[in-house]
1. Run the numbers on segment A:232-372 and let me know its relative contact order in percent, using alpha-carbon pairs under 8 Å that are six or more apart.
2. Is the shape of segment A:130-170 best called rounded, prolate or oblate, per the rule: a/c under 1.5 gives rounded, else a/b larger than b/c gives prolate, else oblate, with a ≥ b ≥ c the square roots of the Cα gyration tensor eigenvalues?
3. Suppose the chain between A:Asp320 and A:Asp557 were pulled fully straight at 0.36 nm per residue; how much longer would it get relative to their current alpha carbon spacing?
4. Answer with one residue from A:Pro197, B:Gly310, B:Thr35: the one whose Cα lies farthest towards the positive end of the charge dipole of the protein assembly as shown, charges on Cβ with Lys, Arg +1 and Asp, Glu -1.
5. Across peptide B:321-328, what mean number of C-beta atoms from other chains lies inside 10 Å of a residue's C-beta?
6. Would you mind giving the mean number of other chain beta-carbons within 10 Å of the Cβ of each residue in A:50-63, as a whole number?
7. Please identify, among B:Tyr333, B:Tyr222, B:Tyr287, the residue showing maximal mean-square fluctuation in a Gaussian network model of chain B using a 10 angstrom Cα cutoff.
8. Counting only residues 5 or more places away or on other chains, whose amide H sits under 5 Å from the amide H of A:Asp104 once H atoms are built in the peptide plane?
Amino acid sequence: MSYLHAPRLVFTGDFLSDVSTVNNDTAHYNNATFQPNFQDPGQGATNGWWNPEGGAVFDFQNCAVKQIFLPDGTTQSSPADDIIIGQAVVGAEGRPTGKMVDLDPDAQMFSALWCVQLRICTANGDLLFKGDITTTSFRDLQMRQLDGGKSNGQPLGASWTSVITNVEWGALAEQSAFLKTLRTTTQNNTLAINMNPFGYYYSHNDGRFSLGRIIGSIGPYFENEPFTFAAARRLYGINYTPSARGTFFSISNFLVEPDAKRVSVDFGASFPVADSIGTVNYKQDLRLAVSKIPQAGVASRQTPTFYINPNDFIEIGALDYQSDPNWLNQTGGIVSFNNLPDTTVSALAANQLILVSPSTSQPGQFAIIAREAIDGLVARADNFIQRLDDGQSVNIDFYAYQWGKLLPNASISVTLDPPTPDTPVGPQNPISEIYGNNFPAEGLTFNGQISTNPQGKAQMQLTGNAIYSPRVYIDGQIYFITYQTPTVDQAFGTEQVVVHLRDYFEEIANPVWGDISEMMIQYSNLYPIMSKYVVNLADPEALAEKKKILIFAFSRDMNDTMHMPVTRDLSSTKRNTILNWLHNPQIAPKPVVRSEAREAKAANPVAPGTALTDKQASYKEAVKAKNGSFPGFAATNDLFENL
Amino acid sequence: MLQIDSRYIEKALTANALEELYPLLQNAIELEHSTIPPYLTAMFSLNPGTNPVQRQIIHSIVIEEMLHMTIAANILNALGGKPVINSADFVPEYPGPLPMGIGNGLIVGLEKYSTDVVKNVFMEIEEPENPIVFKSVSLAEMPTYSTIGAFYQAIQQKIEELAPDELPGDKSKQVTSSFFPADELFPIYTKQNAIDAINIIIEQGEGTSTSPLDQEDELAHYYRFEELYKGKRLVKDDTAPNGYSFSGPPIPFSPDGVFPLFPNTKTSMLPVGSEEWNRMNEFNTSYYSLLSGLHTTFNGQPGMLDNTVGVMYDLKLTAQKLCATPFPGKPGYNIGPSFEFIVPAGS
């Protein structure tokens, strides 16, 4: 949970995400039905969405350290207090920027950062420290913008949690008391980082196309903790806001430090904002408290609000955010209450934290905006996004916590989601048949019943087996694997391990163009920036001419920012076959007819039209929202005013 | 006729110690670099998919300028000096003169591709000491001015005179790359290595005194640009006085296939905070990243060169998108890459 531990720093600014969008449409992967206009900007399946010429660049822009939080509970925000305050947070220097890519067109909600370097420097470029952010994917997507995202087009935000490795400390780090403390507190010369992106621009408004706001915090890393989420207690929103079709304050991490008599709540990923740049202009009376009685409310249209009598909670304090519209950008939304009374500290040991607001409809009562997970239970998979070739195995790490402490003997059941149906061509799906996910089931092997060890950790081995083009024109298959503890808190729901299992493919030692043309033409279709500006991937002669640089890129390690393909969606056997061709480009077709795929595609076990599960349906809606084809979220004008 | 300020050649010829060559080699690195932004701007102005020969020729020359810059840095390291690439002084102000008074006041800017720019700027930059005139006027009296080639020859001569056979620099700082043939980019450990390397720079740039070809039988830069200017390939021609003539296949040029870049675009010409301004900053951030990466590469971490190759692609992609972007408030123009030195952390 280290990013909430002291000492920590908060930075705020913008991020550039030049993601490519032709590949946001599954049907665009079908070479047989691909049309040139799929590479033009524009909404709808017959166009390439908002950024067809994207190059997957991710970078920090205009980011600066806003404030620091020290072990004694004090906050400093003036450069006079510590040299690090006000310094720039920037990306890589001397090597290409990081990249942001999806797992697959059928798994677009887990956008991952790859190979991002973070540096904190003075205006002269002098280094305080730098390091590499370990690959991490979106978690905890939630509604952020009260204006519905009208200027930017995307009202949701998310979180990236990770660690910073290969940390190098600049000479100037010695001049920062904060950094000296951080350096001695952290372990393995690794740092913990959490970043909350929101306010991303699909639109060419405000000069901010392809920019978004990002709020980050960096703190010490502690050994044996998860990498992609905080070992934290969690608050879930339980007040239903109709305009948002859900809750605000949906997910917030918090840390209770009994010895320091402190609670720190991170609203950086959840605090409702007026606009795309994080302005806070509503002024509700929001208070943190400990509920003396168990809370199990779950927001719904039918029961939008749950109430609590003030006798049933111990108030911790009010959120002091109303005086500054820039509060979130300045503080990162992390609120710490120090010097808590012993009764509060001991109550927090086994009772739920709640976020409440005085009720107007039921005077004397308080509406519960958010409550802690039921029984304080949190169980999550760490390395939950996987790319597997057949024959590969990986251990998925699970951690269970109760009231912030690792929980032994927690049983976790892990289940492959039901197959989703194929979608035939029709009015809603004009280009190409789209194939379903989660089949064949035998593509993955795992033991679905696991239990945490005395240290609160469980491992599940996941093995990929050979599959033969179940999605016909897209390599491999996407599998959603839901995991849950015996009781599921519906205020948060369940989470999933998501796997892209690549197709079985035997490396071809001496390939001709026909052996790789379908792959290369698909990349050419999906990533016009390459063919337009670098090399026409569909043209074997052009590839042969540029083979040196292509061999360079296709042979880079997956954790090298120059790795091709940038999407990192190619099995090693296919990638090696491309490399074999580049080393000896044989442009003429083979004299003999090459053997076709030796196995028929695995048939989808469910018929077209089969109903989706709720989770599958909401994923589909979320993808629409991501791609800007959602009807749009209404603005919320009176958040929490009439509860 | 392209001249180099003769003071620089005098400085080389009057050097009494290898250390006195350091600033001159630093100048050489700066000079080689300074030609790249103008060439690249012209190249990026070519619409994707059009004017392929123009693109290919400029690209081939840029690659060799990069090679020359690398060689010059290797020589400086071999002599015990330290290349400086990540400073504001390293980047010329465009339009402006190139380092060392090249061209006697030749003003070089960042402009879209045109045959005028090729003739009046690029060929001027690459002008050999004795340009061979192919099948046109008879050779006139040889003028006695000094060229970039003469400057390199002066350095070469001094290295021969002053340096020990084994050069004093840290051998681990020598930069080589799989992207260049080993007989063009090789580590400079000895005096002879340095002499050979300088010959490569001179010949690739100027050709030999009797042939437009360099040792690799490739046309020297000047003649490659002249091909573009004349719109014809320079080929062997036994009937021509010098054995070559511009009688090869035509090189078609489509002026419509050139983005109308506003000459010498600067960040300050763009509306602050606009999408175009952001993209220009992105471009200059990549440019800084590249210079910084090269600085690290040439100061003890030669393995970093591969990373800088990646940054070159970032730079290229951003530049090409800029070139395709209409210039806000300047109808009929697009945005050119500005190649301005900024420290991205600065504000």
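1. 33
2. Taking the square roots of the gyration eigenvalues as a ≥ b ≥ c, segment A:130-170 is prolate.
3. On the way: separation 237, 0.36 × 237 = 85.32 nm, distance 4.74 nm.
The span from A:Asp320 to A:Asp557 would gain 80.6 nm if fully extended.
4. Value computed over the given set: A:Pro197.
5. Working: counts 6, 0, 0, 3, 0, 0, 0, 0.
Neighbouring Cβ atoms belonging to other protein chains average 1 per residue here.
6. Going residue by residue through A:50-63 and averaging, the value is 2.
7. So, out of B:Tyr333, B:Tyr222, B:Tyr287, the one fluctuating most is B:Tyr333.
8. none
Values quoted throughout were computed directly from the atomic coordinates according to the rules given, and no laboratory measurement underlies them. Everything numeric here is computed off the predicted structure, so don't read it as measured data. With ideal geometry, Cβ positions are generated from the backbone for all residues, glycine too; neighbour counts draw on all protein chains shown.
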